[in-house]
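This report concerns only the one structure given below.
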Amino acid sequence: MDKIRAMITGVQGYVPEYRLTNKELESLVETNDEWIVSRTGIKERRILKGENQGTSVMGAAAVKGLLEKTGTDPMDIELIICATVTPDMPFPAAANLIADQVGAKKSYSFDVSAACSGFLYALQLGSQFIQSGTHKKVIVVGADKMSAIVDYQDRTTCILFGDGAGAVLLEPTTEELGVMDAILKADGAGAPYLHMKAGGSRKPATAETLAAREHFAYQEGSTVFKFAVTNMAEVSAEVMERNNLTGDDIAWLVPHQANKRIIDATANRMGIGSSKVMMNIERYGNTTAGTIPLCLWEYESQLKKGDNLILAAFGGGFTWGSIYLKWGYDPK
Ligand SMILES: CC(C)(COP(=O)(O)OP(=O)(O)OC[C@H]1O[C@@H](n2cnc3c(N)ncnc32)[C@H](O)[C@@H]1OP(=O)(O)O)[C@@H](O)C(=O)NCCC(=O)NCCS
């Protein structure tokens with residue numbers, strides 16, 4: 001029997017309208033546009049405003065658009081996996097709320113928590129359900145409302161993050177297309193450098209934790225930077241070597257958008273020129289699990305059937321990984 005692979009058959013993104021510019025950040029913290037652009041490549045980020053608007057609202061908007069453009073009946077979706085570290089609430093899962101909002105009544109759904117590598121983890125997981133032959137339509141979402149956990153008094157982190165979501169539809173194929181290989185890694189010893197101090201079971205919310213501003217993302221930026229540069233490049237090189245690929249064979253590098261300097265270093269290590277690197281960090285900042293599907297969405301019209309893509313990410317956990325996939329369709 002032919003090998004079944006999981007192929008992305010559609011991609012859709014969603015970003016909220018509000019633009020938080022570097023200029024506006026200058027009024028919140030001691031920073032300036034020149035510093036932010038030269039150190040990160042970011043000019044603005046999108047922020048989800050409004051009462052009772054959680055991550056699922058953005059995820060659902062992306063999934064609704066995806067169902068529409070692929071002509072998919074929500075009742076045919078069997079599974080929705082949402083990668084996020086900012087679910088609407090600790091439980092239920094954001095994926096449950098998304099499934100409900102899009103009318104995927106026959107689907108089961110759950111979240112994956114792997115921070116900035118979340119979309120890669122969820123994509124690999126979703127593709128396993130397709131490859132095993134048990135599922136025919138799986139949706140993988142990457143969505144984060146980082147503005148909910150960013151401390152807008154901390155200039156070292158608040159300049160980096162934004163809100164956004166992206167979603168892909170996975171379906172089976174017996175062609176040489178789709179998810180070809182994946183290497184995913186994690187090291188919990190990295191937790192001290194990027195985490196949220198309170199609000200979990202170790203340190204539940206109290207008046208003290210609130211006063212100490214411990215319900216925000218805490219990051220030791222320069223340490224994370226060093227690990228990100230090394231590991232994202234290493235794991236991408238590993239997946240390329242394992243599949244006998246050189247930079248010339250790659251149509252697109254799709255890197256997690258954390259810092260333009262990390263992206264440039266990864267591309268250099270892989271021998272990939274900047275014209276083949278997907279980049280939208282300038283406009284969205286780091287949307288955590290949203291970055292990679294948002295890139296695929298924005299570059300979809302430039303992708304051709306059979307293009308070799310290397311997806312790569314590094315993030316809190318630490319978690320990191322790289323996925324090699326062959327794009328499944330020409331621009332529609
Ligand atoms: C956060 C980050 C942009 C900081 O850049 P950096 O070059 O490492 O800068 P440093 O942290 O060494 O700080 C350099 C100086 O700039 C200052 N600085 C930090 N943030 C600033 C800001 N927003 N505006 C102006 N100055 C700032 C620092 O206080 C420091 O000043 P000092 O030398 O007087 O102490 C960078 O470390 C980074 O991108 N890290 C990884 C982020 C990441 O990928 N996170 C998500 C997981 S994927």
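Descriptive notes on the structure:
- Modelled spin labels at Gln302 and Asp100, positioned 7 Å past Cα toward Cβ, are 4.0 nm from each other.
- At full extension, Tyr108 and Arg39 could sit 20.7 nm farther apart than now, given 0.36 nm per residue minus the alpha carbon distance.
- Across segment 145-155, rounded Karplus estimates of 3J(HN,Hα) from the backbone phi angles (6.51 cos²θ - 1.76 cosθ + 1.60, θ = phi - 60°) give 9, 5, 4, 6, 10, 9, 8, 7, 10, 10, 5 Hz, Gly and Pro being marked x.
- The value obtained for segment 11-88, namely the Cα convex hull volume divided by the number of residues, is 137 Å³ per residue.
- For segment 5-177: rounded, prolate or oblate by the Cα gyration tensor [a/c cutoff 1.5]: prolate
- Counting neighbouring Cβ atoms within 10 Å and putting the fewest first, the residues Lys197, Lys304 line up as Lys304, Lys197.
- Ranked by how many other Cβ atoms sit within 10 Å of their own Cβ, fewest first, the residues His256, His215 fall in the order His215, His256.
- Sequence-ordered 3J(HN,Hα) estimates for segment 25-36 from the Karplus curve with 6.51, -1.76 and 1.60 and θ = phi - 60° stand at 4, 4, 8, 9, 9, 6, 8, 7, 3, 4, 4, 5 Hz, glycine and proline given as x.
- Where the alpha-carbon atoms of segment 168-273 are placed on the principal axes, they occupy 56, 34, 21 Å, in descending order.
- Evaluated at q = 0.06, 0.07, 0.11 Å⁻¹: base-10 log I(q)/I(0), Debye formula over Cα of the chain: -0.19, -0.25, -0.65
- Shape of segment 252-309, Cα gyration tensor, a/c cut at 1.5: oblate
- Backbone HN-Hα couplings from phi across segment 120-135 [Karplus 6.51/-1.76/1.60, Hz, Gly and Pro as x]: 5, 4, 5, 5, 5, 4, x, 5, 5, 5, 6, 4, 6, x, 8, 10
- Across the alpha-carbon atoms of segment 87-240, the computed radius of gyration and Dmax are 18.0, 57 angstrom.
- Distance between the modelled labels on Lys185 and Glu24, one decimal in nanometres: 3.7 nm (7 Å Cα→Cβ projection).
No value in this document is a laboratory result; all are computed from the given coordinates. Being a predicted model, the structure only gives us computed values, none of them experimental. No Cβ is skipped: glycine too gets one built from the backbone with ideal geometry, and neighbour counts run over all protein chains shown.
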